[in-house]
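First, the structure itself, so that you have it in front of you.
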Amino acid sequence: ATLIESYAPVSHRRMLELYWDDIDVSGVLSIQLFEEYKHYYVLHRYLETIGHHISEREILDARRKNVETPYSDPITSLTKYFTSEHFTGYFYTRLTEQAKDPVLKRVLSLIAADEFRHSGLYYDLLADKMERDRVGITRKIMDFALHFEHFGAEVVDEVPISMQNDFKAIVTFARRIETLTGINPRDWIKRSMA
């Protein structure tokens, strides 16, 4: 999780290249970059305090993996952020529930709240974009949601999970997609299969 959080300068640069001319999206990205750095910093400090060191080399190697790969589609990329932040919020929530150390519990609960807020911001940005091209954007959102890959996969070989098949996270996500697009993801799957 620390390595994924350390990737924000790379991923946000790529997103800002897509959205340099969108005041709302670039503003959200700028604020989120700062907050993601705080997440990295506090997790890194915590790990060092308990005796686990992540070197600058490890961080730079993780960042280097996809540093030159541009994001291609603005809506798909925005959907990736919305989705990744949603599931990251649940990841930190579940870690909070599992943590024994009160300091770690507090840190994780604060990070989870940030991640849920980030997801909400990207949801709102997508909702604004829906007004321009509801059908095309719905298709991109649904296609990405059905083939979701967390942006952490750009950094680490295996994105960590804190709870296998987190039903609440999945159902909440499906409801948010339905509210955003007006289509139940199950219905979209059925249509796609037909």
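Could you grab the relative contact order for the stretch 60-146? Cα pairs under 8 Å, six or more apart, rounded to a whole percent.
Relative CO of the stretch 60-146 lands at 37 percent.
Then there's this: Among Arg14, Arg57, Arg106, which one moves the most in a GNM of the chain with springs linking Cα atoms closer than 10 Å?
Arg57
Please compute the per residue accessible area over the chain with all protein chains in place, 1.4 Å probe, rounded to a whole number of Å².
Dividing the accessible area of the chain by its residue count gives 55 Å².
So what is the relative contact order of the stretch 92-194, in percent, for Cα pairs below 8 Å that sit 6 or more residues apart?
Contact order relative to length: 23 percent.
What residue among Ser30, Ser11, Ser119 has the largest mean-square fluctuation in a Gaussian network model of the chain, using Cα springs under 10 Å?
Most flexible of the set in this elastic network: Ser30.
Measure nothing but the geometry: give the 0 to 90° angle between the long axis through the Cα atoms of 23-49 and the longest principal axis through the Cα atoms of the chain, rounded to 10°.
Between helix and principal axis, roughly 30 degrees.
Find the Cα radius of gyration of the stretch 4-120, compare it with 2.2 N^0.38 Å by division, and give the number to two decimals.
For the stretch 4-120, the normalised Cα radius of gyration is 1.11.
If you build a Gaussian network model of the chain, linking Cα atoms that sit under 10 Å apart, which residue out of Ile141, Ile31, Ile177 swings the most?
Ile31
Once you mark the GluC sites (Glu not before Pro) that are in a DSSP loop and have at most 14 other Cβ atoms within 10 Å, what is the longest gap between them in the chain?
So the longest stretch without any such site is 1-67.
Hey, another quick one. Defining a contact as two alpha carbons under 8 Å apart and six or more residues distant in sequence, what relative contact order in percent does the chain show?
24
On to the next question. Quickly estimate the mean residue ellipticity at 222 nm for the chain, helices only: each DSSP H run with n ≥ 4 gives -39500 (n - 2.57), and the total goes over all residues, rounded to 500.
That calculation yields -24500 deg cm²/dmol at 222 nm.
Among the lysines in the chain, how many pairs, 8 or more places apart or on different chains, have alpha carbons under 26 Å apart?
Counting lysine pairs in the chain gives 17.
Please give the residues of the stretch 77-94, grouped as numeric ranges, whose backbone N is less than 20 Å from a label point set 7 Å along the Cα-to-Cβ vector of Glu149.
The answer is 77-88.
Dipole of the stretch 1-62, Cα-centred, from +1 at each Lys and Arg C-beta and -1 at each Asp and Glu C-beta, to the nearest 20 debye?
Its charge dipole is roughly 200 debye.
Leaving ligands, DNA and RNA out of it, report the carbon-plus-sulfur percent of the accessible area of the stretch 80-194 at a 1.4 Å probe.
Accessible surface attributable to carbon and sulfur in the stretch 80-194 totals 57 percent.
The values are calculated or read from the model by the stated rules, or taken from the named source; none is laboratory data. Because the structure is a prediction, the values reported are computed rather than measured. Every residue, glycine as well, gets a Cβ built from its backbone with ideal geometry; the counts of neighbours run over all protein chains shown. Each accessible area value is taken on the protein alone, full model and side chains, heavy atoms only, with ligands, DNA and RNA left out. Shrake-Rupley method; radii C 1.70, N 1.55, O 1.52, S 1.80 Å.
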